[in-house]
Amino acid sequence: MAAPSGVRTCEDFAEFQELLRVMRTIDDRIVHELNTTLPTASFAGKVDANQTCKELYQSLREAHASREKIIKNCIAQTSNVVKTLREEREKAQDDVALLKQLRQEQTKLKLMQSELNVEEVVNDRSWKVFNERCRIHYKPPKSQ
C-alpha cells in the first residue's frame, strides 16, 4: 500500500496510528491469505504455490519497509520539534505554555518510538507464519 509520507501524519498521533493500522492489514490477514491461496495436498497441482509465496514475500517486504520508513521519518520529525522546543525553553524558562507543548511532543515521540517495537512484533509474527506455510514452496533470496 502506498502511504502518504507527509508531515501532517506525524503531527497527529491518532492519524499516525490509523495509518499504521491500515498499512498492517497485510500482516493481520496473512493466515487467511495463505489459507485461501496455498493449496492443500489434494489441490497441489491447480495452483502455483511457488509464485504465490514469492508474491506474498515481496508484498510483505514492501509493506514492512514502507511502515518502517514512515515510523522512522515521524520519529525524526518529532525529535526535531522536541529539540527546537527545548532550545526555546532554555531562552524562556517561565513560559508555561511552551513547557506544556514540549511535554506533549516528548510524549508523542515516546509513543512513536514504541511503535518501532510493535512493528518488530508484527513483522516477526508475519515472517513466522510465512515461513511455516511457504518454506517448502519458496526460498527467499539469502541477501534479504
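Here are a few things to note about the model shown:
- Rounded to 10°, Cα long-axis angle of helix 49-91 versus longest principal axis of the chain: 10
- Rounded to two decimals, the Cα radius of gyration of the chain over 2.2 N^0.38 Å is 1.42.
- C-alpha long axis of helix 13-23 to longest principal axis of the chain, angle in °: 10
- Spacing of the modelled spin labels on ASN117 and THR36, each 7 Å from Cα toward Cβ, amounts to 3.4 nm.
- With contributions of -39500 (n - 2.57) from each DSSP H run of at least four residues, the per-residue ellipticity at 222 nm computed over the chain stands at -26000 deg cm²/dmol.
- Once the chain from GLU87 to ARG61 is taken as fully extended at 0.36 nm per residue, the excess over their C-alpha distance is 5.5 nm.
- Heavy atoms of the protein chains alone define the surface here; on that basis region 5-144 has 65 Å² accessible area per residue at 1.4 Å probe size.
- In terms of distances greater than 19 angstrom between alpha carbons, the cross-link table entries LYS69/LYS108; LYS72/LYS100; LYS54/LYS139 yield LYS72/LYS100.
- Helix 96-134 axis, angle to the chain major axis (alpha carbon atoms, nearest 10°): 10
The values are calculated or read from the model by the stated rules, or taken from the named source; none is laboratory data. Predicted model only: the values in this text are computed from it and were never measured. Cβ coordinates were reconstructed from backbone atoms using ideal geometry, including for glycine residues, and neighbour counts include every protein chain displayed. Each accessible area value is taken on the protein alone, full model and side chains, heavy atoms only, with ligands, DNA and RNA left out. Shrake-Rupley method; radii C 1.70, N 1.55, O 1.52, S 1.80 Å.
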